[in-house]
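The values are calculated or read from the model by the stated rules, or taken from the named source; none is laboratory data. Since the model is a prediction, treat every value here as computed from it, not as a measurement. Methodologically, a virtual Cβ is constructed for each residue, glycine included, from the backbone with ideal geometry; neighbour enumeration extends over all protein chains shown.
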Amino acid sequence: MIVDFTSIKEKFHQGINIFLREEVKRRTPFLSMVGTRYIHEGNRTSCETVDHEEKNLDYKKVESGFSLTREEMSEMTFKEIVEKVQESAKDMAGQMEGGVFQTLNEMINKTGNIIPGNPPFSPEAFLKGLEMIRIDFDDTREKPNLPSLVMHPKLAQKAKEQEARMTNKEKRQFDKKQKEILDKKYKQYVARENKRKLVD
Amino acid sequence: MSLEKTKENWLIKLIKLFRDYTANQVFNSSEKEGANPFLERTIENWLMSVNELGYQMPFSQLLLNEGYSVLHQSKHTAFEQGKDIIALDKKGIPCAFQLKGGNITNARWRAEVKVEVEELIDYKIVHPSVDKDKKHRSYLVTNGELDETVRLAIDNLNSGKWKDAPLIVITRGELLNKFVKLSSNFIPRKVSDYKSFLDLYFSDGRELIDEKQYTNFIKSVLRLNEQNLSKEERRRNITTAILFTSYIISKFKKKDNHIAIIQTLTLLCAYIFALVEKHNLNNKYWLNSFKILWKEIMLTGQFLQEEINQGGLIKLVTSIWDGELGSYRKHLASSYLFAYKIAQLIEGDTNWKDIATNEFFLKLKETLRIWGEASLFSFILVFLYVNKSSAKGDLAELFKPLYTPIEAIIKFNGRKSEVGMLSPYYNITTAIKRKFGLLEEPIDENFARRSFMIKPLIDILARYGKRKELEGYWREITYIEQEDFTPDELWRHFLWRCDIGENKSRFPKQSESWKELAKDAKKIDLNLIPKSIQKHSYFLPFFLLVYPHRINTNYIKFLDEAIQKVS
């Protein structure tokens, strides 16, 4: 064989793996908020929710790949490799993030946690949704942990336009209603927090 | 064919070639089928480089293998009357061995060795298992050579003054042959086994052992996963594992790196336990070997204590980097010391209490630091030790070693944290590398809002009736998921990493009944504790220190119980 630079190749490989992981993370903003947990041992994982419901967690395989001929490889630049990896990362991120929303949808449909009538997005629908969910606070009323809104870019644009069209009166009404909901949510939060204690 | 395979084949061919050329030239033992000159050279290198302490443990194992019962191994104190090892041979004849390191010149013979040999021969063996009236055989063992004049002197004495109890001498050649013969029991199946052994053997003796590499290697020596081996073969594999480990830890011995010695021997004991539990080995095939290892662990613990007592924690500074790294080194020293003292306590050794003095505690002050969840077990050890000793003092101070880690978990892994402390799957070296940005690959795992150590800490506080304190923490505790891992079979507890088992996580109840909590904290599920640990509970402090990822509330409660049982 012709002398090779295996240790340098190994470093490249290591580097590209790190890059792939970072790219996937960058492209899965929703999933990344949850945080990554490694399973260091074992072949099964189960968890108990805050409501003490036990669930077995299934592992889902996420994969992507590309194939190249020897000729293509011989002419491949570092930049082109990075681009290929980015494509794979995009593919994997799509599978991961898509999988999360698919699971979420299944759960939402199962529990019936849908805004009645499933109305199109509007300030009213948003407030209705806010009323339906549990909201925690960072100790004080001023610091609600508001949920993240995930929407298609087109819908996001539409929402922005909707907001821009709102009159000052409508905005004040919206803020007032939101404040009322959050006040109520804060009371619920305090009641919940008061339950976090040792009893006899 | 993969590059690795090609390499393997190439190396196997080279080994064979080397073997063919060198047979009958290097050692007598090479005459036998399957001998391995690489291995022999390594063993020779090892034997020539150690002192008497360095080969005491493998020599004891060698005796066991030859049918002796080893009764005593020296702690190298002044009261042992020249007898480093006391054993009974197959026929029950008492034998006393004096071990020496290096060549015995005429000058050395006269100044040092002869006096000790006279004690060896003249003084009767005092040991409960030895009949005082029975004559004993005396052996002088050295990994060096004897000067011709010394040999002549011994011959003269053997035919004169010592005629009734002549001295038997074992020197390097004979020792080497014995070690090589026993070690040859292990024929590496993969070139990577050789590579692992050589990597471990030539590693820097000042660091900790690479647990993954060592356990992969020793698993292969023990042939843990192979079925259909006879019990005798299992026994021989244990012997071989001890010998290879002796070669590996010789690097640590040379540097007086007591912590790495204990760490490595703990890993070996754990793998022997795995073998015993997996293949239902009867005591006669392994227990004596384990006892030899255990004595070595405890002897090393004693050396560590002596080093700390003589100001080792102050003298440890060897470079400008110890301003940063010294605290991690102190943490390890303190942790291993407390594990050793608790092991002594459980074993019933009355010396367990000898560091419970203000003077000694002052030397250990502020030596523990929090660098990850794995570091928190040391705080539990300190609590258990101080609680049991008479040095309790102020009650608030007594429980501080438990409050500190629980507060650290709440602070670093609680609801307001973003990344969290490293889980017990990450060791101290990784923690240091992470802190100083030296990791080859970043850790992108997130540890916030979960903890492996919080449940054991809650339960131990509950066992000691600390309701008020737990009430103060409870709100924050309810935000942290409690994690643990349970291997499917008990023998798998001893594996460094276990493929089959369940990871569980659960949130504590938001409104928890103190009564229930205190009741559960008292319960221990013995079905989840391997029999070897139940029978040899004194091993547990070292096991959990070296395997922090095996810590769970059941083990901690069992450890507490084992300590409480000691009167």
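Go over the candidates A:111, A:167, A:103 one by one and state the one that is at pLDDT 90 or above, farther than 30 Å from residue B:467 by Cα and away from chain B (no Cβ under 14 Å). Even if it seems obvious, please write down each step before you answer.
On the way: A:111 fails: at pLDDT 90 or above; A:103 fails: at pLDDT 90 or above.
Step by step, each of A:111, A:167, A:103 is checked, and only A:167 is at pLDDT 90 or above, farther than 30 Å from residue B:467 by Cα and away from chain B (no Cβ under 14 Å).
Please list, ordered by first then second residue, the pairs with beta carbon atoms under 6 Å, 6 or more apart or interchain, first in the stretch B:360-384 and without any contact (Cβ under 8 Å) to a residue 60 or more places away in the chain, second among the aromatic types (Phe, Trp, Tyr).
Once the first residue is without any contact (Cβ under 8 Å) to a residue 60 or more places away in the chain and sits in the stretch B:360-384, its partners that are among the aromatic types (Phe, Trp, Tyr) give B:372/B:426; B:382/B:338.
What tally of residues in the stretch A:30-57 results from selecting those that are of a type in the set (A, V, I, L, M, F, W, C) and either more than 20 Å from the chain's Cα centre (by Cα) or over 19 Å from residue B:488 (Cα atoms) (or both)?
5
Considering the stretch B:261-294 alone, what residues qualify as being of a type in the set (Gly, Ala, Ser) and within 16 Å of residue B:531 (Cα to Cα)?
Selection gives B:270, B:274.
Considering only the stretch B:226-261, state which residues are more than 20 Å from residue B:275 (Cα to Cα) and touching a residue at least 60 places away in the same chain (Cβ under 8 Å).
B:247, B:250, B:253, B:254, B:258, B:259
For the stretch A:79-130, which residues satisfy the criterion of being closer than 19 Å to residue A:153 by Cβ and among the small types (Gly, Ala, Ser)?
A:93, A:94, A:98, A:122, A:125
Report, by residue number, each residue of the stretch B:494-529 that is crowded, with 17+ Cβ neighbours inside 10 Å, within 30 Å of residue B:471 (Cα to Cα) and within 12 Å of another protein chain (Cβ to nearest Cβ).
B:503, B:504, B:505, B:506, B:507, B:508, B:509, B:510, B:512, B:514, B:517, B:518
Please specify each residue of the stretch B:452-479 satisfying the condition of being more than 34 Å from the chain's Cα centre (by Cα), in contact (Cβ under 8 Å) with a residue 60 or more places away in the chain and outside any loop (DSSP other than H, G, I, E, B).
Of everything in the stretch B:452-479, those that are more than 34 Å from the chain's Cα centre (by Cα), in contact (Cβ under 8 Å) with a residue 60 or more places away in the chain and outside any loop (DSSP other than H, G, I, E, B) turn out to be B:469, B:473, B:476, B:477.
Considering B:81, B:98, which residue is in contact with a Phe, Trp or Tyr (Cβ under 8 Å, 6 or more places away or on another chain) and either on the phi > 0 side of the Ramachandran plot or among the β-branched types (Val, Ile, Thr) (or both)?
B:81
In this structure, is residue A:35 within 12 Å of chain B (Cβ to nearest Cβ), surrounded by 13 or more Cβ atoms within 10 Å (Cβ to Cβ) and touching a Ser or Thr at 6+ places or on another chain (Cβ under 9 Å)?
In short, no.
Quick one: count up the residues across the stretch B:423-435 that are in contact with a Leu (Cβ under 9 Å, 6 or more places away or on another chain) and assigned to a loop (DSSP other than H, G, I, E, B).
Of the residues in the stretch B:423-435, 2 are in contact with a Leu (Cβ under 9 Å, 6 or more places away or on another chain) and assigned to a loop (DSSP other than H, G, I, E, B).
Is it the case, given these coordinates, that residue A:157 is in contact with a Leu (Cβ under 8 Å, 6 or more places away or on another chain) and among the polar types (S, T, N, Q)?
So residue A:157 fails the test.
Somewhere in the stretch B:77-85, is a residue surrounded by fewer than 18 Cβ atoms within 10 Å (Cβ to Cβ), modelled with pLDDT under 90 and among the polar types (S, T, N, Q)?
Checked the stretch B:77-85: at least one residue is surrounded by fewer than 18 Cβ atoms within 10 Å (Cβ to Cβ), modelled with pLDDT under 90 and among the polar types (S, T, N, Q).
State which residue pairs qualify: first residue farther than 16 Å from residue B:550 by Cα and inside the stretch A:28-50, second residue small (Gly, Ala, Ser) in any location, beta carbons under 6 Å apart, and separation of 6 or more residues or different chains.
From the stretch A:28-50, the pairs are A:28/A:93; A:47/B:505.
Restricting to the stretch B:318-350, what's the tally of residues that are farther than 17 Å from residue B:365 by Cβ and either in a loop (DSSP other than H, G, I, E, B) or at pLDDT below 95 (or both)?
Number of matching residues: 11.
Output the residues belonging to the stretch B:116-164 that are out of contact with any helix residue (DSSP H, G or I) (no Cβ under 7 Å at 6 or more places or on another chain), in contact (Cβ under 8 Å) with a residue 40 or more places away in the chain, charged (D, E, K, R) and surrounded by 13 or more Cβ atoms within 10 Å (Cβ to Cβ).
B:137
Need pairs with beta-carbon distance below 6 Å; first residue at pLDDT below 65 and within the stretch B:180-191, second surrounded by fewer than 21 Cβ atoms within 10 Å (Cβ to Cβ); sequence gap 6+ or separate chains.
B:188/B:194
Between a residue in the stretch B:269-287 that is over 15 Å from residue B:217 (Cα atoms) and in contact (Cβ under 8 Å) with a residue 40 or more places away in the chain and any residue that is buried (at least 16 other Cβ atoms within 10 Å of the Cβ) and polar (S, T, N, Q), which pairs come within a Cβ distance under 7 Å, given they are 6 or more apart or on different chains?
Short answer, once both residue conditions are applied: B:273/B:532; B:276/B:532; B:277/B:532.
Taking the conditions exactly as written (out of contact with any helix residue (DSSP H, G or I) (no Cβ under 8 Å at 6 or more places or on another chain) and over 30 Å from residue A:139 (Cβ atoms)), does residue B:554 satisfy them or not?
Numbers: out of contact with any helix residue (DSSP H, G or I) (no Cβ under 8 Å at 6 or more places or on another chain): no; over 30 Å from residue A:139 (Cβ atoms): yes.
Considered against the rule, which asks whether it is out of contact with any helix residue (DSSP H, G or I) (no Cβ under 8 Å at 6 or more places or on another chain) and over 30 Å from residue A:139 (Cβ atoms), residue B:554 comes out as no.
Given the residues A:9, A:60, A:90, A:84, which is the only one that is farther than 30 Å from residue B:504 by Cβ and under 19 Å from the mean Cα position of the chain (by Cα)?
A:90
If the requirement is being under 21 Å from the mean Cα position of the chain (by Cα) and among the small types (Gly, Ala, Ser), which of these qualifies: B:192, B:184, B:220, B:230?
Working: B:192 fails: under 21 Å from the mean Cα position of the chain (by Cα); B:184 fails: under 21 Å from the mean Cα position of the chain (by Cα); B:230 fails: under 21 Å from the mean Cα position of the chain (by Cα).
After ruling out the rest, the residue left standing is B:220.
Looking for whichever is of a type in the set (Ser, Thr, Tyr), over 18 Å from residue B:381 (Cα atoms), in contact with a helix residue (DSSP H, G or I) (Cβ under 6 Å, 6 or more places away or on another chain) and away from every other protein chain (no Cβ under 13 Å) here; the options are B:537, B:532. Which one fits?
Details: B:537 fails: over 18 Å from residue B:381 (Cα atoms).
Answer to the check: B:532.
For the structure I just gave you, tell me whether residue A:81 is at pLDDT 85 or above and not assigned by TED's automatic domain parsing to the domain that holds residue A:171.
Criteria met by residue A:81.
Of the residues that make up the stretch B:165-183, is at least one of a type in the set (S, T, N, Q) and touching a helix residue (DSSP H, G or I) at 6+ places or on another chain (Cβ under 6 Å)?
Yes; the residues of the stretch B:165-183 include at least one that is of a type in the set (S, T, N, Q) and touching a helix residue (DSSP H, G or I) at 6+ places or on another chain (Cβ under 6 Å).
Quick test for you: out of A:61, A:11, A:90, A:25, pick the one residue that is away from every other protein chain (no Cβ under 14 Å), assigned to a helix (DSSP H, G or I), out of contact with any strand residue (DSSP E or B) (no Cβ under 9 Å at 6 or more places or on another chain) and of a type in the set (Lys, Arg).
A:90
For every residue, the table says whether it meets (1) within 21 Å of residue B:207 (Cα to Cα); (2) aromatic (Phe, Trp, Tyr); (3) at the interface with chain A (Cβ under 10 Å from one of its Cβ atoms).
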{"position": "B:384", "(1), (2), (3)": "no, no, no"}
{"position": "B:399", "(1), (2), (3)": "no, yes, no"}
{"position": "B:411", "(1), (2), (3)": "no, no, no"}
{"position": "B:417", "(1), (2), (3)": "no, no, no"}
{"position": "B:429", "(1), (2), (3)": "yes, no, no"}
{"position": "B:440", "(1), (2), (3)": "yes, no, yes"}
